[in-house]
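Structure record follows, encoded as structure tokens.
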């Protein structure tokens with residue numbers, strides 16, 4: 001690559017290309033790239049690409065008809081961008097709980113599951129992923145793990161699928177709430193070991209339903225509450241936790257004569 005300053009007319013005679021819309025003086029700088037390209041250019045050019053050092057492409061686009069332009073970072077700015085990118089990848093790997101090399105595959109799976117969710121169906125992988133996340137956030141009351149969570153992005157059928165995942169844990173209680181068709185819906189699950197101790201999902205659902213202005217009922221291990229006041233889902237969920245906490249405490253520390 002060579003660069004040479006000369007009168008603009010001489011540069012034109014040599015076949016140099018001028019960028020559309022650019023204004024040039026009487027003298028121009030002609031850059032000749034191995035005879036393949038001759039252009040008017042006032043930029044800084046290197047003799048070889050190795051002089052650039054660390055090089056990070058930032059963008060690529062059209063500068064004019066038939067001309068593409070790239071923008072890149074070099075030196076400390078390029079190093080900073082690389083570190084930022086690595087940091088994002090590391091955080092994604094930690095959040096998704098997969099090796100860095102498997103992040104893209106995991107994201108593709110989740111996106112596929114989300115598309116199914118938008119159509120109203122939750123796939124098993126997304127269900128398992130969400131259920132595991134809820135289990136990690138479970139509160140503990142006298143040795144009993146309790147999940148209380150609002151999941152407004154999900155449908156009622158999806159809440160039941162998450163409960164199905166949790167059902168294998170006999171000493172677990174879960175109350176999940178969502179809003180569907182403008183109404184509040186709450187699903188209550190009580191593990192079989194807790195049912196044996198006197199906890200009843202149907203009773204809890206009926207009590208919680210009063211908060212959201214509706215009714216509820218079901219079986220001892222699984223029940224549902226629904227009501228017109230969707231704005232009180234959070235209040236109803238906290239009330240359900242209070243009820244479970246009180247009932248668990250009575251079973252662990254029964255009153256005299258109980």
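Data table
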quantity	calculated
Residue match in the stretch 136-153 (condition: touching a strand residue (DSSP E or B) at 6+ places or on another chain (Cβ under 7 Å), under 30 Å from residue 188 (Cβ atoms), assigned to a helix (DSSP H, G or I) and touching a residue at least 40 places away in the same chain (Cβ under 8 Å))	no
Which numbered condition residue 245 fails, given (1) at pLDDT 95 or above; (2) surrounded by fewer than 19 Cβ atoms within 10 Å (Cβ to Cβ); (3) in contact with a strand residue (DSSP E or B) (Cβ under 7 Å, 6 or more places away or on another chain)	(1)
Scan of the stretch 184-209 for residues that are out of contact with any helix residue (DSSP H, G or I) (no Cβ under 7 Å at 6 or more places or on another chain) and within 24 Å of residue 230 (Cβ to Cβ), ordered by number	201, 202, 203, 205, 206, 209
Condition check for residue 215: surrounded by fewer than 16 Cβ atoms within 10 Å (Cβ to Cβ) and either in contact with a helix residue (DSSP H, G or I) (Cβ under 6 Å, 6 or more places away or on another chain) or not in a strand (DSSP E or B) (or both)	yes
Checklist (1) more than 30 Å from residue 105 (Cα to Cα); (2) within 29 Å of the chain's Cα centre (by Cα) applied to residue 56, failing item	(1)
Conditions (1) touching a residue at least 12 places away in the same chain (Cβ under 8 Å); (2) over 15 Å from residue 134 (Cα atoms); (3) not in a loop (DSSP other than H, G, I, E, B): number failed by residue 198	(3)
Pair list, Cβ under 9 Å, 6 or more apart: the stretch 38-57 residue loosely packed, with under 10 Cβ neighbours inside 10 Å, other residue at pLDDT 70 or above	43/29; 43/31; 46/1; 46/52; 47/1; 48/1; 49/55
Evaluation of residue 1 against (1) modelled with pLDDT of 80 or more; (2) farther than 17 Å from residue 63 by Cβ (one fails), failing number	(1)
Some residue of the stretch 232-240 being part of a helix (DSSP H, G or I) and either without any contact (Cβ under 8 Å) to a residue 24 or more places away in the chain or not assigned by TED's automatic domain parsing to the domain that holds residue 172 (or both)	no
Any hit, the stretch 163-174, residues being closer than 25 Å to residue 231 by Cα and not in a helix (DSSP H, G or I)	yes
Every residue from the stretch 165-179 that is under 19 Å from residue 126 (Cβ atoms) and modelled with pLDDT of 90 or more	174, 176, 177, 178
Unmet requirement for residue 188, which otherwise passes all of (1) touching a residue at least 12 places away in the same chain (Cβ under 8 Å); (2) surrounded by fewer than 21 Cβ atoms within 10 Å (Cβ to Cβ); (3) under 18 Å from residue 248 (Cβ atoms)	(2)
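The values are calculated or read from the model by the stated rules, or taken from the named source; none is laboratory data. The structure displayed is predicted, hence computed values, not measured ones. Cβ atoms come from the backbone with ideal geometry, glycine included; neighbour counts cover every protein chain shown.
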